Amino acid sequence: MTRRPTRAATALAVALSWAVAGCSTRGDVPPTTADQEKTMTSPLLERFATPAAGIRSGGRITADDLPALRAAGIRHVINLAPASETPGFDEAAAVQAAGMRYDPLPIAGAGDLDRAAVLAFDRLLQAADAPTLVHCGSGNRVGALVALRAAWLQGADEEAAVAEGRRWGLAGLEGEVRERIASPRCVASADRAADGADCDDAG
């Protein structure tokens with residue numbers, strides 16, 4: 001006499017077949033971390049541009065923003081605004097207390113848009129190995145350094161460099177940027193960029 005499988009046994013067999021099928025196709029779907037999911041959906045990050053993978057750029061942040069930035073996946077903050085612009089907010093201490101890396105590169109205005117600043121900025125971007133926010137007061141100084149980096153270190157022509165800067169936030173400093181790019185440019189290959197080879201005083 002042949003026994004018929006019970007309902008429980010049948011249900012178990014169906015469940016196991018589904019589980020096996022799920023495992024066999026899982027490799028076709030790239031894994032997504034919790035941080036990546038939060039970063040993709042965080043309303044806070046809509047305030048900032050996304051000019052490159054893993055990088056946001058924009059304007060000033062406050063202490064109230066830090067928990068949300070951390071929850072949204074940001075792990076590194078690069079601040080181009082001098083501390084004197086936010087006298088009531090110790091951004092360095094607050095960012096580090098929130099568990100994020102902090103790098104300041106103070107750019108007070110057009111007078112600081114020089115070769116040393118661009119090289120320092122380039123090193124910071126190249127060392128960014130986690131989701132990063134680059135900001136100043138409005139994003140304008142961020143875009144200015146990006147445009148000069150594109151022209152002086154990456155060989156972009158003036159229009160291409162300015163267009164790249166705009167993607168990062170360049171606005172009111174565009175004239176200053178164009179003036180500097182129009183001077184003899186610094187075109188340095190990656191292995192020569194550290195010492196600013198082929199740059200004159202204007203670049």
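Accessible area per residue (1.4 Å probe, heavy atoms of protein chains only) ranks Glu179, Glu91, Glu174 as Glu179, Glu174, Glu91, with the largest value leading.
Expressed as a whole number of Å, what is the distance separating the alpha-carbon centroids of the stretch 153-180 and the stretch 80-138? The stretch 80-138 and the stretch 153-180 have Cα centres separated by 19 Å. Note on Glu159 and Gln126: the model spin-label points, each 7 Å out from Cα along the C-beta direction, lie 3.0 nm apart. Ligands, DNA and RNA excluded, the heavy atoms of Thr50 present near 80 Å² of accessible surface to a 1.4 Å solvent probe. Close amide H partners of Tyr102, meaning residues 5 or more places away or on another chain with modelled amide H under 5 Å apart, are Val77.
May I ask you to give the solvent-accessible area per residue for the stretch 36-154, in square angstrom, as obtained with a 1.4 angstrom probe?
Numbers: 5020 Å² over 119 residues.
Solvent-accessible surface per residue comes out at 42 Å².
Solvent-accessible surface of protein heavy atoms, probed at 1.4 angstrom with all chains present, puts Phe89, Phe48 in the order Phe89, Phe48, largest first.
Residue separation of Glu46 and Tyr102 scaled by 0.36 nm, minus their Cα-Cα distance, works out to 18.0 nm of gained length. Ligands, DNA and RNA left out, the accessible area of the stretch 60-167 computed with a 1.4 Å probe is 51% carbon and sulfur. Residue by residue, the stretch 85-94 carries 3J(HN,Hα) couplings of 6, 10, x, x, 9, 8, 4, 4, 5, 5 Hz when phi is fed to the Karplus relation 6.51 cos²θ - 1.76 cosθ + 1.60 (θ = phi - 60°); x denotes Gly or Pro. Counting only protein heavy atoms and using a 1.4 Å probe, the accessible area of Arg166 comes to about 130 Å². Each residue was assigned an accessible area with a 1.4 Å probe, and for Leu145 the value is about 0 Å². With the simple model of a label 7 Å out from the Cα in the direction of the Cβ, Arg70 to Arg178 spans 4.4 nm.
The values are calculated or read from the model by the stated rules, or taken from the named source; none is laboratory data. Note that the structure is a prediction, hence the values are computed from the model and not measured. As a convention, Cβ positions derive from the backbone with ideal geometry for all residues, glycine included, and neighbour counts pool all protein chains shown. Side chains included, ligands, DNA and RNA excluded: accessible areas come from the protein's heavy atoms. Shrake-Rupley method; radii C 1.70, N 1.55, O 1.52, S 1.80 Å.
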